[in-house]
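Every read-out reported here was derived from the displayed coordinates using simple, explicitly stated rules and does not represent laboratory data. All values reported here derive from a predicted model rather than from experimental measurement. Note that each Cβ is placed from the backbone with ideal geometry, even for glycine, and that neighbours are counted across all protein chains shown.
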Ligand code: NAD
């Protein structure tokens, strides 16, 4: 077998080239090749210096994902790194593309590093629930200083080469990769330059303030609550600072790495990492289905959602026409977009010129005659079927042939909306999440007649505007909001039975949710749900349990934060929820009226009932084909509902707990509820458990 690493000679300089496309990942064969070619270069007397580079489009971009979670075959990366450090001839790593993770750690084995201006370096392991485990946490703070190293390692973000050069990670920026690196190396040879080994000195370590580690710990505890990896990253860099030798620090890095490997958080984060890519694959829609080009967009309604949706397009340079019914509403909507951009500019994350550029792409109008040439139109008006149908009939008249007609509805029937047009194949749901310019999720909804081309177009559009797009089927609430119903229902029932809103919220917050269901309700506003329930109650099934608790709260004009009171009380101008004795009274009265004897409700019960309600509904959604795969649900919950990433989404979490155990509890709650249909175990869960399987084995 030919090695994926070759040795070329450029005069006196040996160039070791990694040829493992597409990203020169560090497979076992690459590690072996790196060692073998180095030995050859050092044995060849005509070679005086060595350049290490990647062939193709990048330097070594990182570990080999095929080896993830498996023991590393010899030689391991630390052994390879050591052999390069010990090379009697100077070694220069030449970086282009990206040097990430193990790639950058390999570059640290060289005595010098050069990079082309457009390349990037980074240690992204934290994003996979890990830390850089081949000396990255020990060598980076030596070359870049502790603070820069902590920033890079805990964020996992890539750093552009010019910044890396300023930080000391890269010694020189070269315009042309191989010629530049060879010339640099030749100068070292000619000048008989020293061969500095990063591991052999403390470098910039002692410039650090010892208090910085605790500062970072506190920051990361807030930013990534309950997440182990960033904390271990900090401890590993601290070990570099405190250890009396490089080897001692390296051993601590290894121990902390091992701890993360054992943690279920790692598997959850890897699940989400690959899930982000997986959800883009739609069975039956291959590369042969070309997405339509979106060169121009139109939005109907420039309210909370319409304005945010428009910004997504403006941000990537796509002109947007927004349509409103009155000049007032139009001015208000455009004003909000402008002030959002201006706030970003104030924080220094945008220039004033960029603000004007983006606003310049926005065309506010009052007439349908002015939107007909858009490639996609997204309707974002009130959640009312009659209004939406009227608008779609109008769009059918004015939009050019082949335009995508999309609705941002969060619950309504896409097929019924499509029925208002003569082109249902062009109609699709594009459900954005609030705030639409910030939230990463885009839940695309396929109607019965939506064409493959339309689906391919909105999936592709998602990618283009920086969203993670998931495809859902058409049902009340699609994937995300449909699952939210049983979650909210259990939260209310728990309070009726004996818990307080703050108990439920605390348990969910501690689990890792951004906030609990009651705080979330107060933030979103309670009046919309009240309005919906009034309609639902007209046809409420006989004997089905109904909690009137939220209605009692709303009847007092308590609609949440915007009225200063809801499930909680809010002090003037504050968004901090405070438990309210009035609410406690309402709760007790409501329980008495409903004939419910209040009891002690444990935290465990709160957690199980809220989360397993999600899981059971998720399984039903899978059975019905509303979600393509379990991972689509997990991605929806992580990116649309702030489900903790380190728990991998509700379906992954159920597997983690053990689906058999989850089923046992669902059955117990089914019995406890007196056989309520909502707790009837999903047939899919019963089937998977009977086969000894989990959601991870279910392919849809
Ligand atoms: P909103 O009330 O903030 O905005 C609606 C806008 O539509 C208003 O500016 C209104 O003037 C305009 N409008 C009403 N009728 C119109 C018409 N016939 N022609 C043109 N403009 C018209 O509402 P929103 O929160 O932005 O919600 C819009 C849609 O997005 C709804 O379908 C809602 O279910 C969905 N949605 C909302 C959220 C959310 O969190 N707010 C999240 C996801 C989806």
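Each principal axis of the Cα cloud of the range 191-242 was taken in turn, and the coordinate range along them, longest first, works out to 51, 20, 17 Å.
The range 361-502 has equivalent-ellipsoid semi-axes of 31, 16, 15 Å, by the square roots of 5 times the alpha carbon gyration tensor eigenvalues, sorted largest first.
Among 586-594, 224-232, 313-321, how do they line up by average Cβ neighbours within 10 Å per residue, starting with the highest?
Working: 586-594: 15.0, 224-232: 20.1, 313-321: 18.2.
The peptides rank, most packed first, as 224-232, 313-321, 586-594.
How big is the antiparallel share of DSSP beta bridges in the range 74-185, given as a percent to the nearest 5? Looking only at bridges with both residues in the range 74-185, the antiparallel portion is about 20 percent.
Counting neighbouring beta carbons within 10 Å and listing from fewest to most, the residues 691, 276, 502 come out as 691, 276, 502.
So if R0 is 51 Å, what FRET efficiency would residue 599 and residue 215 give, r being the distance between their Cβ atoms, rounded to the nearest 0.05?
Efficiency at R0 = 51 Å is approximately 0.70.
Note on residue 173 and residue 699: the extension gain reaches 184.6 nm, defined as 0.36 nm multiplied by sequence separation minus the Cα-Cα distance.
Arranged from highest to lowest average of other beta-carbon atoms within 10 Å per residue, in what order do the peptides 177-183, 243-249 appear? It would help to have the intermediate numbers written out before the result.
Details: 177-183: 19.7, 243-249: 14.9.
Packing order, densest peptide first, comes out as 177-183, 243-249.
From the P(r) of the range 464-533, could you give the percentage of C-alpha pairs in the tail past 21 Å? Percent of Cα pairs beyond 21 Å in the range 464-533: 37. For the range 73-197, the equivalent ellipsoid built from the Cα gyration tensor has semi-axes of 23, 17, 12 Å, listed from largest to smallest. Exposure proxy ranking for 123, 395, 362, based on other Cβ atoms within 10 angstrom of each Cβ and starting from the fewest, stands as 362, 395, 123.
Taking the DSSP bridge list for the range 424-492 and keeping only pairs wholly inside it, about 40 percent are antiparallel.
Our compactness index for the range 5-163, the C-alpha radius of gyration over the empirical 2.2 N^0.38 Å, is 0.98. Modelled spin labels at residue 584 and residue 289, positioned 7 Å past Cα toward Cβ, are 5.6 nm from each other.
For the range 638-700, the Cα gyration tensor yields ellipsoid semi-axes of 21, 16, 10 Å (square root of five times each eigenvalue, largest first, whole Å). Normalised by the number of residues in the chain, the average gap of Cα pairs under 8 Å and 6 or more apart makes the relative contact order 9 percent.
With the convex hull drawn around the C-alpha atoms of the range 232-296, the volume per residue stands at 172 Å³. Scattering from the chain was approximated by placing one identical point on each alpha carbon and applying the Debye formula without solvent; log10 I(q)/I(0) at 0.08, 0.11, 0.12 1/Å stands at -0.75, -1.24, -1.35. DSSP finds beta bridges in the chain, and of those with both partners inside it, around 25 percent are antiparallel.
The fraction of all Cα pairs in the range 338-422 landing in successive 10 Å bins from 0 to the largest distance is 16, 36, 25, 20, 4, given as whole percents. In the range 544-683, Rg over Rh equals 1.02, where Rg is the alpha-carbon radius of gyration and Rh the Kirkwood radius from pairwise Cα distances.
Need one number: the % of Cα-Cα pairs in the range 235-348 sitting beyond the 18 Å mark.
Numbers: 4687 of 6441 pairs.
Of the Cα pairs, 73 percent sit more than 18 Å apart.
Binning the C-alpha pair distances of the range 139-276 at 10 Å intervals from 0 yields a P(r) profile of 11, 32, 32, 19, 6, 0 %, listed from the shortest bin outward. Using the alpha-carbon centroid of each, what span in Å lies between the range 530-600 and the range 132-158? Using only Cα atoms to place each centre, the spacing works out to 49 Å. In the chain, the calculated helix contribution to ellipticity at 222 nm averages -14500 deg cm²/dmol per residue, counting -39,500 (n - 2.57) for every DSSP H run with n ≥ 4.
Assuming 0.36 nm per residue, please report the length gained on full extension of the stretch residue 401 to residue 555 beyond their Cα-Cα distance.
Between residue 401 and residue 555, full extension yields an extra 50.6 nm.
Taking all Cα pairs closer than 8 Å and separated by 6 or more residues, the relative contact order of the range 151-266 comes to 21 percent. Entry note, the range 496-557: relative contact order of 28 percent, from Cα contacts under 8 Å with a spacing of 6+ residues.
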